[in-house]
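Working notes for the structure below.
We did not get these values from a lab; they are worked out from the coordinates using the rules stated. On a predicted model such as this, the values are computed, not experimentally measured, just so you know. Here the Cβ positions follow ideal geometry from the backbone for every residue, glycine too, while neighbour counts run over all protein chains shown.
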Amino acid sequence: MKKKVTIKEIARELDVSVSTVSKALRNRKEIGAETTQRIQAFAKLLNYKPNSIAISLKNKRSRNIGVIIPEIVHHFFTTVISGIETAANNLGYNVIVCLSNESFDKEVINMETLAGSSIDGFILSLTKETQKKKDFHHLLEVIDQGMPVVMFDRVTEEINCDKIVVDDAYAVYNATNHLILSGCKRIALLTTMDYVSVGKQRTMGYLNALNDAGIQVDENIIVRIENIEHCENQISSLFEDQKFDAVLSVNEVFAVTAMRQALNRGLKIPEDVSFIGFTNGLLSKYFYPRLTTIVQHGYKMGEKAAKILIERLEDEEEEEKPFIKEVIKTSLRERESTKSI
C-alpha cells in the first residue's frame, strides 16, 4: 500500500512550517498568494489527500473542545474536567467529554466521533491499553495535520504535543521519605503495571527513596495491579503474611481497599500500619481513619490544559511554537492514617 502523504512531509520538502502548509491548503489570507500556489501545486503533485479528521476540525470553528478520559472512578479526573470547563467557558469554548473506559478501541472511536462533530481540538489522558499497545496512530493522524492535542496525566514521550503532568516520581519519593521519618522501615507499595506512565514514575520514586535511605527493596511487598476492579484479591494476599509497617499506594482506591483489609484483620492504623495514597478524593476524606494523600491539584491541571489548547487554536502566527511540558507540583495532605513526624 502506498504511504499516505502528510502535511509534515510537504512542509519538510518545501522548507516551510507545518502551520504555513496547513493554512495555505485552506487558502488562509495571511499566507501570500505565491506561497499558497506553490504549496497547493506541490500537494497536488504528491496526490495529497486531506485527513477526514483534519477537515472536520479545521474547516469550521465550532469553539468546542473534546476531552477524553480513561475512567471516572477516580476523583482526580472529575477535578481535571472541572478545571477544563471553567477555563474553556471563560474563554468562550464549550467542552464535550467522552469516556474511553481504559479501552484502546474506545479511545480511537471517541476521537473519530468527536472530530466528526466539529471539535476544534483535543485534551486527553491515555488509556492503559493504549500505553500497553503503544499504538498512537489516531493521535498522529490529528497531529500530522497540524491539529492541537494536549495530553495530561497519562502521556507518552513518543508523541510530540503539549503535555500537563504532575511530579509523580518526586511526589512519591517525598511521601516514602515521610513514612521513613515517621519510623516505618518496611514499606509496601501498591502500584500499576509499568506500562502505565504514571504508575512507572511513582514506582521509581518509591524505589529511589528506599535506596537513598539505605533500605533494601523487597519485591515481595510490591504489588503490581493491572485491573482496579480485581485489586481486592491481590491486596488481600499481601496481608496474608504481613511483613510491613506501612503501605504506599499510587491511587486512593488501592489505599482504601488496603486499609479495609488492615482493619478487618484487627490492625490499628497508624500504630500497626501507616497508609499514604495518591489523589485527594472523597474516599480519602471520608473513610475512617482519613487517608493521608498526595494532592495532585487536578483542577489546576485542567485549567492549564485548556488554556494551552486554546492558545494553540487562536494562534495566528506563521511560525510554530515549541511544545510545552508543564509540571504541576503536588503537596502532601496529612491525616490520621500516618504517624506524626
Cα-based Rg then Dmax for the chain, in Å, read 23.3, 79
Rounded to whole angstroms and listed largest first, the alpha-carbon spread of region 237-315 along its three principal axes comes to 59, 22, 15
Among 295, 331, 21, the residue whose Cα sits farthest towards the positive end of the charge dipole of the chain (+1 at Cβ of Lys and Arg, -1 at Cβ of Asp and Glu, taken about the Cα centre) is 21
With -39,500 (n - 2.57) per DSSP H segment of 4 or more residues and division by the full residue count of the chain, the 222 nm estimate, nearest 500 deg cm²/dmol, is -13500 deg cm²/dmol
The distance between the Cα centres of region 285-338 and region 25-44, in whole Å, is 39 Å
Computed for the chain: size of charge dipole around the Cα centre, +1 on C-beta of each Lys and Arg, -1 on C-beta of each Asp and Glu, debye to nearest 20, value 480 debye
For region 168-295, one quarter of the surface area of the C-alpha convex hull, expressed in nm², comes to 6.9 nm²
